[in-house]
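K.L.:
I'd like to ask you about the structure that follows.
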Amino acid sequence: MVSTDTVDVLIAGAGPVGLTAAVELRRRGIGCRVVDRLPERLPYAKAVGIQPRTLEIWDRMGLVRAALEAAVPMLGQLTYVNGAERPRIELALPPEVPYGFAALPQYETERILDEFLARFGSRIERGTELVGFAQDADGVTSRLVTASGAQEEVRSRYLVGCDGAHSAVRKGLGLGFEGGAFPEEYMLGDVELDWDMPHGYGVRSMHLGADGAVDDVLVCIPLPGHGRYRVSSMVPPELRTAARAESGDGVAHGLDGGAGPSLSHLQDVLDRLAPRPATASALRWSSVFRISHRIVDRYADGRVFVAGDAAHIHPPTGAQGMNTGIQDAYNLAWKLALAIQGGARPELLASYDTERRPVGVEVVGRTVRHAAEGVQADPDDPGTVMLREAQLLIGYRGSPLVGPPEEGGDGDGPRAGDRAPDCGGLTGHIAAHPLRLYDLLRDRGHLLLLYAGGDGEPGGTGADDFPALAAAARDVSLGRVATCVVLPDAAPAGAGDTMTLPVYRDRRGEFARQYAARGRTAFLVRPDGYLSARLQPPTAGELASRLALVFQA
């Protein structure tokens, strides 16, 4: 057995979740290795739905353009029951949300992340499997088996398990993985469909039996390519695998190793349920899959973490799974980076479980309900349902890293723990075109936004003490917090011209409107795009106390 040099982080699993963690760590200068037992990327369009929040994350990471060019828009869903069309679902969001819904095959998502990771000199170590590990107070010792069959020992400061539903990392930690399984089996196929359905819309066609229960279903999700769709439906009897024993860990989830459906199997379903005449051709791949719903009892143990399907599995309803896993990795990576760089409070890494496990619990419960009753049965108003499905309502109020939720005055606008919304119309002294707020957030760590209130607004006006606030933030964080000043459009000409901080004018009032900024207010935005604090009016002492929840000087 050959020992290697110590690496900061070892990541098991090179799917979208593991690659997100790797990219974020490498962007922040942290060394990591990514191993995956598969010899090559699978050509399966497994997870295809890309939520608007994921696109916001990719924007901040700097890779959203590649995703937008490869994806196709998801405009809505057409629903049919026993041949009758039901009300159309339009995937519409408020105009201030910068991205809509998209469809992108998982193999394309992995390609984009893999190519972006290569910019930082890192690559996936294919055909390399994690077969065991042990941790101590200073790090983790992992045993790998490489593609050649050689055994290797790796010493890392942290280990992150992004290795799927049958995670070796989760099993090695002995984490509970409670839940259940659906008895139904389904088949998937990536095909071209010749039909006259509207472009950009998913199609869900169901047949209800005499008892009112669904006894047949067809779901078609558009993919990039001429007439290409991912088609799914219940399996015919000859393809059923339920009689076979589950895997050794009792988890039946994902693609099955049995025979996949042929083009004729898929055509039979289309002939029964397609709302318009449809002909399937050019079958790229197919498989049978099964669904479980489970979640771990904790997302971390010491220096070892789990994310994505290693931590939670659930029905594919609403395309929540991969997107939730990407947010797991995004939440964890900046915290790991700060801990490795030596600037984090000891409690920072514990907040990963505190913040992300409640999200996993909610997603598992919601997708199970929606799988049984349909998204239309959700009791909330359609606008709220849409924002939740877009993953724009995820937040961390009550987290030990953020201030009290009542911060900020009159109840309007985002609070500590909420997602930082985007806005447009910000102008600087040099750029001739207006900027979005997300342009200021891109490729940064923590950002302190200081808003100078307008005349007569509560909390006062002016920006005279803003340099002192910025200095306080730099001192507590050891230079890891950047600062920008936002002035109301009505601020006098020349205001802020002598300030050494970056200054932007809120020309269209969008920042003040989106953030309910009235009077001098400080907004501290975390690296993952959530507010750590909202202070009105801000003081150096209060700002330092908020930063001290994360940073240890």
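K.L.:
Between Thr384, Gly176, Ser286, whose Cα lies farthest towards the positive end of the dipole of the chain when Lys and Arg beta carbons carry +1 and Asp and Glu beta carbons carry -1, centred on the Cα centre?
P.N.:
The one lying farthest along the dipole's positive direction is Gly176.
K.L.:
Within the set of other residues whose C-beta is less than 10 Å from the C-beta of Leu208, count the net charge using Lys and Arg as +1 and Asp and Glu as -1. Display every interim value, and only then the final one.
P.N.:
On the way: positive: none; negative: Asp211, Asp215, Asp216.
Net charge in that neighbourhood comes out at -3.
K.L.:
If I compute solvent accessible area with a 1.4 Å probe over the protein chains, what percent of it on the chain is carbon and sulfur?
P.N.:
51 percent
K.L.:
Right, something else. Nearest 20 debye, what's the magnitude of the dipole of the chain about its Cα centre given +1 on Lys and Arg Cβ and -1 on Asp and Glu Cβ?
P.N.:
Details: 57 positive and 70 negative charges, 191 e Å.
That gives a dipole near 920 debye.
K.L.:
State the extension gain, in nm to one decimal, for the chain segment bounded by Leu42 and Asp215, taking 0.36 nm per residue of separation less the distance between their alpha-carbons. Before the final figure, lay out the partial values.
P.N.:
Details: separation 173, 0.36 × 173 = 62.28 nm, distance 3.11 nm.
59.2 nm is the gain from fully extending Leu42 to Asp215.
K.L.:
Next up: First select every other residue whose beta carbon is under 13 angstrom from the beta carbon of Asp465; then total the charges, Lys and Arg +1, Asp and Glu -1. Please report the intermediate quantities before stating the final value.
P.N.:
Values: positive: Arg520; negative: Asp464, Glu542.
Local net charge: -1.
K.L.:
Mind putting together the pair-distance distribution for region 294-347? All Cα pairs, 10 Å bins, whole percent per bin, short to long.
P.N.:
22, 47, 24, 7, 0
K.L.:
Let me ask you something else. For the chain, what is the accessible area per residue in Å² when the probe is 1.4 Å? Display every interim value, and only then the final one.
P.N.:
Values: 22130 Å² over 553 residues.
Each residue of the chain exposes 40 Å² on average to a 1.4 Å probe.
K.L.:
Rank-order 60-66, 7-13 by packing density, defined as the average count of other C-beta atoms within 10 Å over each peptide's residues, highest first.
P.N.:
Values: 60-66: 16.9, 7-13: 26.3.
In decreasing order of mean packing, 60-66, 7-13 become 7-13, 60-66.
K.L.:
Membrane-span-like helices in the chain: DSSP H runs reaching 20 Å or more (Cα, own axis), mean Kyte hydropathy at least 0.0? Can you show the working numbers first?
P.N.:
Values: long enough: 321-341 (30 Å, 0.21); 350-373 (35 Å, -0.61).
Counting only whole DSSP H runs, the qualifying helices are 321-341.
K.L.:
Add -39500 (n - 2.57) for each DSSP H run of 4 or more in the chain, then divide by its residues: what number comes out at 222 nm, to the nearest 500 deg cm²/dmol? Intermediate values should be presented prior to the final figure.
P.N.:
Details: 13 runs with 142 residues, N = 553.
Theoretical 222 nm ellipticity from helices: -8000 deg cm²/dmol.
K.L.:
Regarding region 437-553, what is the average projected area of its C-alpha convex hull, in nm²? Show your work: numbers first, answer last.
P.N.:
Details: hull surface 26.9 nm².
Reported value for the Cα convex hull: 6.7 nm².
K.L.:
If each residue of separation counts as 0.36 nm, what is the full-extension length gain between Asp381 and Arg65 once their alpha-carbon separation is subtracted?
P.N.:
Details: separation 316, 0.36 × 316 = 113.76 nm, distance 3.23 nm.
Value of the extension gain: 110.5 nm.
K.L.:
Under a plain spin-label model, where a point goes 7 Å from the Cα along Cα-to-Cβ, how far apart in nm are Asp5 and Asp297?
P.N.:
Each label point is offset 7 Å from its Cα along the Cβ direction, giving 4.0 nm.
K.L.:
Only Lys, Arg, Asp and Glu count, each charged at its Cβ (+1, +1, -1, -1), so figure out the dipole size of region 272-350 about its Cα centre, rounded to 20 debye.
P.N.:
On the way: 9 positive and 5 negative charges, 78 e Å.
Dipole magnitude for region 272-350 comes out near 380 debye.
The values are calculated or read from the model by the stated rules, or taken from the named source; none is laboratory data. None of these values were measured; they are calculated from a predicted model. In this analysis, Cβ positions are derived from the backbone assuming ideal geometry, glycine residues included, and neighbour counts consider all displayed protein chains. Side chains included, ligands, DNA and RNA excluded: accessible areas come from the protein's heavy atoms. Shrake-Rupley method; radii C 1.70, N 1.55, O 1.52, S 1.80 Å.
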